[in-house]
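Participant: Sharing a structure, written as structure tokens. Questions coming.
The values are calculated or read from the model by the stated rules, or taken from the named source; none is laboratory data. Treat the numbers as computed from the prediction; the structure is a model and nothing was measured. FYI the Cβ positions are ideal-geometry reconstructions off the backbone, even for glycines, and counts take in every protein chain you see. Note: areas computed on protein heavy atoms with side chains; ligands, DNA, RNA excluded. Shrake-Rupley method; radii C 1.70, N 1.55, O 1.52, S 1.80 Å.
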Amino acid sequence: MEILSRDYNFHFHKATSDSNPAGTYFGEPRVEVSLIMKGSVRFIVDGRVRVVHAPCATLQAYHVDLHALSNTDQKVQTMWCHFSPDALSEDDWLVLENLPAAQPIPPLMPSLFAGALSLQQESDSPPEHDVTNHMRNSLGRTILAEYIRGTQLAGRTRPLPKAVIVVKKALDSEYSRSWTVAKLASLAGTNANYLIHLFKTYLGVPPMHYLWERRLDAGIHMLQSTSLTIDEISHRCGFRSPAHFSRRVKDRNGAPPSRFR
């Protein structure tokens, strides 16, 4: 697999919510593998929200930015590593985007993180001659490989069928439209029941559930990045009313839209 043969410069970190209660923001492209050992973390990845709960491993590959926010009601303990995606090809990005966002922690991964975190950079040596740096990068590639292997063992890295790709692309780009399962099935050239079956098999949720999640992601991103009113956002994202949008935001994230401004 070509993505595992490229040279990356990995950086390793660990944190608890005691040391970083407000969360973290990263404003440049990255690929990141995290271990959530305790608590839960809300990631906003290029404007799309996902919440993960311990214990789990999670992968974020983003082109623009990442917000990582911990739950203030419980202690969060995490370890993570990241690298710049400059060396990635388009095929590499497709591999990463087809991986699940979270999975149970692979057995080898905690010890790989612990080993990398125990290595201190030899600051007097240039990077190409720094043996410690090479060791840390090798551990980072092994962590990425272990994440990919874990998803393969779970049978979750199968290529998406064309019908799922077509419908997913339409929902991602045109989430404000008044879609129905019948319209989506027609777009994909299949029938409604089979489309639902494909989405559940490959994405874990039926197409209309995926659509509402995509609308929520877009709405939360607009709350954070624009001065649009809740009325305007709910209309642009395809919600039935501002109250409907507010209720869906609170149901999924435990906080009203005002929390995201």
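Participant: Mind pulling the angle between the C-alpha long axis of helix 242-253 and the longest principal axis of the chain? Nearest 10 degrees, somewhere in 0 to 90.
Facilitator: Between helix and principal axis, roughly 30 degrees.
Participant: Within the chain, what whole-number % of the accessible surface is contributed by carbon and sulfur, with the 1.4 Å probe and all protein chains included in the calculation? Intermediate results must be reported in sequence, preceding the final value.
Facilitator: Working: 7090 of 13550 Å².
Of the solvent-accessible surface of the chain, carbon and sulfur hold 52 percent.
Participant: Nearest 10 degrees is fine. How inclined is helix 192-202 to the longest principal axis of the chain, computing both from alpha carbons?
Facilitator: Helix 192-202 and the main axis of the chain meet at about 10 degrees.
Participant: A follow-up question, please. With labels modelled as points extended 7 Å from the Cα through the Cβ direction, what inter-label distance (nm, one decimal) is found for residue 209 paired with residue 251?
Facilitator: Between residue 209 and residue 251, the label points sit 1.3 nm apart.
Participant: What does the accessible area of residue 75 come to, in Å² to the nearest 10, when a probe of 1.4 Å is used?
Facilitator: 100 Å²
Participant: To test your reading of the geometry: what angle, between 0 and 90 degrees and rounded to tens, separates the Cα axis of helix 207-225 from the longest principal axis of the chain?
Facilitator: 70 degrees
Participant: Find out how many positive minus negative residues lie around residue 27, taking Lys and Arg as positive, Asp and Glu as negative, among other residues whose Cβ is under 12 Å from that of residue 27.
Facilitator: Details: positive: 30; negative: 28, 46, 65.
Taking every Cβ under 12 Å from that of residue 27, the sum is -2.
Participant: What number comes out for accessible area per residue over the chain if the probe is 1.4 Å? Units Å², please.
Facilitator: 52 Å²
Participant: So how far, in whole Å, is the C-alpha centre of the range 93-112 from the one of the range 135-154?
Facilitator: Cα centres, the range 93-112 to the range 135-154: 7 Å.
Participant: Something else now. Give the residues of the range 163-190 whose amide nitrogen is closer than 19 Å to a point set 7 Å from the Cα of residue 63 in the direction of its Cβ.
Facilitator: From the range 163-190, the list is 165-176.
Participant: Taking GluC sites (Glu not before Pro) that fall in a DSSP loop and have at most 14 other Cβ atoms within 10 Å as cut points, what is the longest piece of the chain between them?
Facilitator: Details: sites that count: 122, 174.
For GluC sites (Glu not before Pro) (loop position, at most 14 other Cβ atoms within 10 Å), the longest site-free span of the chain is 1-121.
Participant: Give the ranking of 172, 130 by solvent-accessible surface, highest area first, calculated with a 1.4 Å probe.
Facilitator: My answer, sorted largest first, is 172, 130.
Participant: Please give, to one decimal in nm, the separation of the simple spin-label points placed at residue 50 and residue 183, each 7 Å out from Cα toward the Cβ.
Facilitator: 2.7 nm
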